[in-house]
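Presented below is the structure to which this report refers.
The values are calculated or read from the model by the stated rules, or taken from the named source; none is laboratory data. These numbers come from a predicted model, not from an experiment. Glycine gets a Cβ as well: all are built from the backbone with ideal geometry, and neighbour counts include every protein chain shown. For the accessible areas, the whole protein counts, side chains as well, though only heavy atoms, and no ligand, DNA or RNA atoms are used. Shrake-Rupley method; radii C 1.70, N 1.55, O 1.52, S 1.80 Å.
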Amino acid sequence: MSHYVAAIEARMGDWRYYVTVMNLGEIAARCQLAEEIHANQDLDDMIQREISDRVQKEMVPYLLNNSQRFYGALVVAVYGGEPEFSIVKVTEHELIDDVEDKHSYGFGLLRFDGSQAYYALDGQHRLKSIQEAVKKNPDLRKEQIAVILLKHENTQSGLERTRRLFSTLNRRAKPTSSGVNIAIDEDDPIAIVTRRLVKENGYLSSLVHCKNLGSKTLSSAKSNDPYVTTISSLYDTNEIFLAAYNSGLEISPKFKQFRPSEDELDAYYNFLEDLWTHLLESAPGFDEVLNGRRKPGDLRKAVDSEGFIKVDDQGKAISGGNVLARPIGQFIVAETMKRAGIQGKSMKDCATAILSSISMDIDDAPWENVIWNPGTRTINGNKAGRRLSVDIISHALGLKTQVKVSELRQQYRDMINNPKASLLSPIEWSGRQSLTSEESSVETQPGTTP
């Protein structure tokens, strides 16, 4: 049975294509994934990316629960069906003055004989989510999505041509960076409160780098760098903090997908602003930055015993300085505070204990040779060093950890290549738990010998 589709004919390069609209029910029933058409074909013939569980965890709930749902056009290859396009002439319309220039403006009817098959070249995840969503909510079948149709020839050369287009579409379609997502996302509560913090908090508004939204790194070269973190890193730190909200908040893909109430957003914002304000006001050396007497970049430079910036033989400032002026230091302190919050302790008291009892100089223990390479004077960004730092500080605070003290001490010794190094001495604070006999025998400062 013939099937007609209203479409606009267009051309780009050597591709002739047709733009149309299809109901979700129709696209779910007629359009398939590539491997479903060419079952068990060789790897060389496959033109389909692996469909991940992101479809079930994020995209299907989005279609089912978000009234503002919207998908961009699917790019669909048509196999078989002997497609035939017939121009529909425009006869009369008040917007067309020139009677002699009646034409179709590319509009017409695309006819198929009923034997055609559709498969997605671009939008496989969207297609799969549509197919799953309409099963759960049949009302979605009536909604529509834009579709770009291209004819696919089932020959070796046709397959190569279609596969090349598939590769081009997916390789060239660069996803937006994390920074851009944070700047525009209106559903993810972490992105929403992160933007608000940058706009409204008097400290963070001048300390967060937002110009390069795709960057997660932090330069340490210029003394006038007007930031101590990036918006992407601020987002990551806020996610760590929020995981301890109300003694534990599950930060799942679903949590980031659906906008909470304004009251909840206000509560998240107030929680984070209170922590950040306390952290920045309590951090050693930050008072001079907050009141404008020092530049944020100066905090990432090594200083001597009198507080003067160290320079090399060429007069260039030597990197180092305050660990909290770098995202990794903020991550470590935040993760330790989160651990305290989940264990029912005051996160602000935990921050105070850390900042007042542990050196924030990145050239000191417990940072040196763990997250900081003193030889190259660069950050060691490995997860093992970050996790070890959190465990060392947590142990000193008396917080519960997943590692035994003897194992923790050995991990630290192995990391810094010092078989006699000891852990941090116990830090007395209001949230401290009682010590075991083994903990009580731990030496005073890391990096020292027994």
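Side notes on the structure shown:
- The fraction of accessible area contributed by carbon and sulfur in the stretch 236-281 is 44 percent, rounded to a whole number (1.4 Å probe; ligands and nucleic acids excluded).
- When Rg and Dmax are taken over the Cα atoms of the stretch 291-349, they come to 15.7, 51 Å.
- N66 long-range amide H proximity, modeled H, under 5 Å: none
- In Å², nearest 10: area of Y269 left accessible to a 1.4 Å probe: 10 Å²
- R300 accessible area, assembled protein chains, probe 1.4 Å, Å²: 0 Å²
- Peptide packing: for 5-16, 357-368, the average count of neighbouring Cβ atoms within 10 Å per residue gives the ranking 357-368, 5-16, highest mean first.
- Residues whose placed amide H lies under 5 Å from that of C31, excluding near-sequence neighbours: none
- Under a 5 Å amide H cut-off, with hydrogens placed 1.01 Å from N, D122 pairs with V75 among residues at least 5 apart or on other chains.
- Here the mean projected area of the convex hull built on the C-alpha positions of the stretch 306-409 is 7.4 nm².
- HN-Hα J in Hz across the stretch 405-416 - Karplus 6.51, -1.76, 1.60, θ = phi - 60°, x for Gly and Pro: 4, 4, 5, 4, 4, 5, 4, 5, 4, 5, 5, 9
- Three-way shape label, the stretch 336-384, alpha-carbon gyration tensor, a/c 1.5: oblate
- 3J(HN,Hα) along the stretch 315-323: x, 8, 4, 8, 5, x, x, 7, 5 Hz, from the Karplus curve 6.51 cos²θ - 1.76 cosθ + 1.60 with θ = phi - 60°, whole Hz, x for Gly and Pro.
- Take each peptide in 330-336, 120-126, count the other Cβ atoms within 10 Å of every residue, and average; sorted highest first, the result is 330-336, 120-126.
- Taking all protein chains together and rolling a 1.4 Å probe, V55 ends up with roughly 0 Å² accessible.
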